[in-house]
Amino acid sequence: MVRYIACLVALLMVVGLPVAYDPKPVAAQGRDPLTVVVALGADASTNDPSYAGGASGYIILNQLFEPLVGRNDNMDVQAVLAESWRTVGLLTWQFKLRRGVKFHSGAPFDANAVKFSFDRLYEVNRTGRTVFDIPLSLVKVVDQYTVNVVTKTPVANLPYYLWQIYMIDPTVYGESKSPITDKSSGTGPFKFVEWVRDDHFTMVANKDYWGGAPQISRVTFRPIPEDSTRLSELLTGAVDIIQNVPPDQVSRIATATTQLVVAPGGRAVHAVLASNRPPFNDVRVRRAVNYAVDVRTMNRQLLGGYGEPYGAVAMPPRDNPKLKPYPYDPQKAKALMAEAGYAAGFAVTLQTPRGNYLKDAETAQAIAGYLENVGIKVTVEVLAPSVFRTITDQDRYKEMALRGDTGYYDGQGELAWALPEIARNGWENKEFRQVFNTLVLTFDPARRKALILKAQEIVFNEAPWLFLWRQPGLWGTNKRVNWRARRDERIFLKTATVR
């Protein structure tokens, strides 16, 4: 079986190779040296922050808009548009706002803008993850630079969940309850110029940025789904930064002008299993799938060993060190299937995007090969990222779906990915629900830690998905651009420099 998979992976890699040539990199291809072009695996789904979603969308919007509280390079909470915050009772968090900040339109950023941003998000995006994490009751303006966020139930970790709530300009977004895509106005270091869907997203430096104007004068994001094309564009100087460098091509970008930039994994890649209907409503079958797939070999063959196989759901340092990845044991997988009444196997469909995650389509094909070896016939359905996102949002998964869920780095955020209202795979467990609900209401750090460790054990044992790996951040960059790759896959070009 290992030889079969090795051959399959080798074939897939060869298919994805660019035409052999010896490129002569040209720095910026004659462009303004202060212009930076970034190639992502997928386009943004929108440029209206109230409707934001997907890794590419957040990468792009991070340049234009800002939250009250964000995360620094070490994944700790960091003041952004809020200078400080504190709890006022169990249901209220009070934020003191940064003064002197203006939106791109010139309108002032103040408490009224904060209230507007929250209110619009909660009115138009009721299915978003933020709405689940923060059960908002109301946002109350205390004075021009003080605002209270009041929740329906206690939210002990509320500041951690603000990084995806962007502050938007009431004078631009007004009373519109539909996405606004032809203009934008945030407080970020760059200003919107234009977005041509599936072609480019362009912005220019905000010279009046409260944190100081960025050195880079112009940024263009280009969606390039094919790995080989992104690589070629980097090598020829057409782009300066590329996302998801193919691991088998890492050596090709070690040139005089290009290099690899690596960040530790911050996205948990797994295949969710439809756990509320046969065959995956039986925990023995779900465990069998985990024993049937040689994740370590796949990691070496597909990701060059850069991935981090995992068993604990939470991201370091809050992962449970006792939980090791499921070992590869096809005989045990077959025994569990027979015990569950599936000795003859069964057929399922595995849906996957192409371009969302590192080697996502190839990963799905390799999984199918391993599962076939234990009697599970898998049809792989490769979808465009936008189509896959629609299926996710509308709860239309088939039996299996390849997903990559980003880390929250507080433990609780990652555990929520296992809840049926978030994972949307139908897995429900009373003990897990009880532990999670207690965690949400717990402020004591020691008690929180114990609950986070316990909840991870339940997820591991119940196996609501096929555990794969924490996806590494493999970026290719032109050496003229100086920036830092982060665990959370975000790019912040406000502090980047070029030479």
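The values are calculated or read from the model by the stated rules, or taken from the named source; none is laboratory data. Since we're looking at a predicted model, the values are computed, not measured. Neighbour counts are summed over all protein chains in view; Cβ atoms, including those assigned to glycine, are modelled from backbone coordinates with ideal geometry. Calculation scope for accessible area: heavy atoms of the full protein, side chains included, ligands and nucleic acids excluded. Shrake-Rupley method; radii C 1.70, N 1.55, O 1.52, S 1.80 Å.
Structure summary
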| read-out | value |
| --- | --- |
| Condition met for Ala485 (in contact (Cβ under 8 Å) with a residue 12 or more places away in the chain, among the small types (Gly, Ala, Ser) and part of a loop (DSSP other than H, G, I, E, B)) | yes |
| Checklist (1) touching a Lys or Arg at 6+ places or on another chain (Cβ under 9 Å); (2) under 20 Å from Ala111 (Cβ atoms); (3) not small (Gly, Ala, Ser) applied to Pro189, failing item | (2) |
| Every pair of residues 6+ apart whose Cβ atoms lie under 6 Å, when the first sits in the stretch 137-149 and is in contact (Cβ under 8 Å) with a residue 24 or more places away in the chain while the second is among the charged types (D, E, K, R) and open to solvent by 50 Å² or more (accessible area, probe 1.4 Å) | Ser137/Lys152; Val139/Lys115; Val141/Lys115; Tyr145/Arg99; Thr146/Lys96; Asn148/Lys140 |
| Qualifying residue in the stretch 455-462 (condition: without any contact (Cβ under 8 Å) to a residue 40 or more places away in the chain, open to solvent by less than 30 Å² (accessible area, probe 1.4 Å) and over 24 Å from the mean Cα position of the chain (by Cα)) | no |
| For Ala384: the one exception among (1) open to solvent by 10 Å² or more (accessible area, probe 1.4 Å); (2) closer than 30 Å to Thr46 by Cα; (3) small (Gly, Ala, Ser); (4) at pLDDT 95 or above | (4) |
| Subset of the stretch 387-415 that is under 29 Å from Leu439 (Cα atoms) and β-branched (Val, Ile, Thr) - its residue that is surrounded by the fewest Cβ atoms within 10 Å (Cβ to Cβ) | Thr392 |
| Residues located in the stretch 379-409, provided they are over 15 Å from the mean Cα position of the chain (by Cα) and under 15 Å from Trp465 (Cβ atoms) | Tyr397, Lys398, Glu399, Met400, Ala401 |
| In the stretch 326-340, the residues that are assigned to a loop (DSSP other than H, G, I, E, B), open to solvent by 60 Å² or more (accessible area, probe 1.4 Å) and not aromatic (Phe, Trp, Tyr) | Pro327 |
| Unmet criterion (only one of (1) modelled with pLDDT under 95; (2) in contact with a Pro (Cβ under 7 Å, 6 or more places away or on another chain); (3) open to solvent by less than 10 Å² (accessible area, probe 1.4 Å)) for Leu419 | (2) |
| Lone unmet requirement of (1) open to solvent by less than 30 Å² (accessible area, probe 1.4 Å); (2) more than 20 Å from Arg86 (Cβ to Cβ) for Leu162 | (2) |
| Verdict on Gly212 being outside any helix (DSSP H, G or I) and without any contact (Cβ under 8 Å) to a residue 24 or more places away in the chain | yes |
| Inter-residue pairs, beta-carbon under 9 Å, first among the acidic types (Asp, Glu) and modelled with pLDDT of 95 or more and in the stretch 469-481, second surrounded by 24 or more Cβ atoms within 10 Å (Cβ to Cβ) and in a strand (DSSP E or B), 6+ apart | none |
| Single residue of the stretch 142-159 satisfying the filter (open to solvent by 30 Å² or more (accessible area, probe 1.4 Å) and part of a loop (DSSP other than H, G, I, E, B)) that is farthest from Val440 (Cα to Cα) | Gln144 |
| Per-region count, the stretch 471-489, residues within 27 Å of Pro67 (Cβ to Cβ), open to solvent by 10 Å² or more (accessible area, probe 1.4 Å) and among the charged types (D, E, K, R) | 4 |
| Matching option when the condition is assigned to a strand (DSSP E or B), within 21 Å of Asp32 (Cβ to Cβ) and out of contact with any Leu (no Cβ under 8 Å at 6 or more places or on another chain), among Phe221, Phe201 | Phe201 |
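Quick grid of which residues meet (1) modelled with pLDDT under 95; (2) of a type outside the set (Lys, Arg); (3) over 23 Å from the mean Cα position of the chain (by Cα):
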position	(1), (2), (3)
Glu194	no, yes, yes
Gly211	no, yes, yes
Arg222	no, no, no
Pro247	yes, yes, no
Thr258	no, yes, yes
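One line per residue, one yes/no per condition, for (1) assigned to a strand (DSSP E or B); (2) closer than 30 Å to Phe492 by Cα:
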position	(1), (2)
Asp248	no, yes
Ser251	no, yes
Val261	yes, yes
Val269	yes, yes
Arg277	no, no
Asn281	no, no
Arg284	no, no
Asn290	no, no
Met298	no, no
